[in-house]
Amino acid sequence: ILYTRWEYVDKDVSLQQGLWTMNPDGTRVALHFGNTITDPPVMWQAHEIPGSRNVIATLCAHHGFPVGALGIINHSKGRENPAALRCLTPDEPIEPTNRPFAYPEVTGRSDKQRRWAYRDPRPIDESLFLCAYGGPASGGPKRYRLFLLHDQGKKMHLYGDRRVDCLYPIPLVPRPKPVTLPELPQAEAAYGEFFVRDVYTGPLASLARG
């Protein structure tokens with residue numbers, strides 16, 4: 001299960017909502033990407049892209065609606081590496097960073113509502129995605145329509161309604177049944193081991209070593 005959550009512990013109130021995974025029974029919670037990424041503040045509506053281990057998500061503000069830019073996450077480049085996140089929407093750009101900055105500085109970055117931007121991404125394959133788009137913000141119809149988005153940023157209008165918003169496109173195609181994971185033996189689930197390789201990685205990166 002791929003999900004996002006508020007990670008308040010020793011972190012800023014608004015900038016720490018990365019992507020996490022867990023088994024369907026709630027075991028083996030693990031970071032997928034972005035626990036120290038400060039921009040974008042939130043990665044919502046994440047879906048695994050068929051044929052790859054990459055994920056597409058909506059990149060947006062920590063409060064409000066899941067509307068903003070769309071981006072592809074390749075966490076094999078590093079679970080805290082801004083270069084692992086690539087923006088797909090040049091008209092709604094975002095520059096991923098894990099550079100610390102104070103909350104007032106967030107204004108003007110991606111921690112703001114981008115009304116009539118992108119939302120509801122659904123992957124078809126590694127290069128094509130369905131989404132809803134209501135823009136442009138200035139001069140647009142101010143109504144969400146369904147689009148086909150290419151991974152190079154080009155988009156094609158598929159469907160719109162003059163009366164209501166069109167949201168949440170879902171491809172009607174066969175999908176493989178999710179893998180069923182066996183339950184862990186009680187002895188294995190009862191304990192574990194971990195180690196800290198470098199305490200100066202992450203929130204303590206600004207401190208002098210030693």
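Taking all protein chains as present, what is the carbon and sulfur share of the accessible area of the chain, in % to the nearest whole number, probe 1.4 Å? The C+S portion of the solvent-accessible surface of the chain is 56 percent. Among residues other than Trp20 with Cβ under 10 Å from its Cβ, the summed charge is 0 (Lys and Arg +1, Asp and Glu -1). Between Asn54, Asn81, Asn23, the residue with the greatest mean-square fluctuation in the GNM of the chain (Cα pairs under 10 Å linked by springs) is Asn23. The GNM of the chain, with springs linking C-alpha atoms under 10 angstrom apart, assigns the highest mean-square fluctuation among Cys87, Cys166, Cys60 to Cys166. Amide H to amide H under 5 Å from Ile124: which residues, 5+ apart in sequence or cross-chain, H placed 1.01 Å off N in plane? Amide H neighbours of Ile124: Phe129, Leu130.
Per residue, the accessible area of the chain comes to 61 Å² when a 1.4 Å probe rolls over the protein heavy atoms.
Counting only pairs 8 or more places apart or on different chains, how many lysine pairs in the chain have C-alpha atoms closer than 22 Å? Before the final figure, lay out each step's value.
Numbers: Lys11/Lys112; Lys112/Lys142; Lys142/Lys154; Lys142/Lys155.
Counting lysine pairs in the chain gives 4.
Quick one: longest stretch of the chain between exposed loop chymotrypsin sites (Phe, Trp or Tyr not before Pro), exposed meaning at most 13 other C-beta atoms within 10 Å and loop per DSSP? By the stated rule (loop sites, at most 13 other Cβ atoms within 10 Å), 9-100. The Rg/Rh ratio for the chain is 1.01, where Rg is the radius of gyration of the alpha carbons and Rh is the Kirkwood radius.
Specify whether the C-alpha gyration tensor of segment 54-93 places it in the rounded, prolate or oblate class, a ≥ b ≥ c being the square roots of the eigenvalues: rounded for a/c under 1.5, otherwise prolate if a/b is larger than b/c and oblate if not.
Numbers: a/c = 2.34, a/b = 1.63, b/c = 1.44.
Prolate, because a/c is 1.5 or more and a/b exceeds b/c.
Can you tell which of Glu48, Glu92, Glu193 shows the greatest fluctuation in a Gaussian network model of the chain with Cα springs below 10 Å? Fluctuation is largest for Glu193. Within the shell defined by Cβ-Cβ distances under 9 Å, the residues around Ala61 carry a net charge of +1, with Lys and Arg each +1 and Asp and Glu each -1.
The values are calculated or read from the model by the stated rules, or taken from the named source; none is laboratory data. These numbers were taken from a predicted model, which means no experiment stands behind them. Quick reminder, even Gly has a Cβ in these numbers, built from the backbone with ideal geometry, and neighbours come from all protein chains shown. Ligands, DNA and RNA are excluded from the accessible area calculation, which covers all protein heavy atoms including side chains. Shrake-Rupley method; radii C 1.70, N 1.55, O 1.52, S 1.80 Å.
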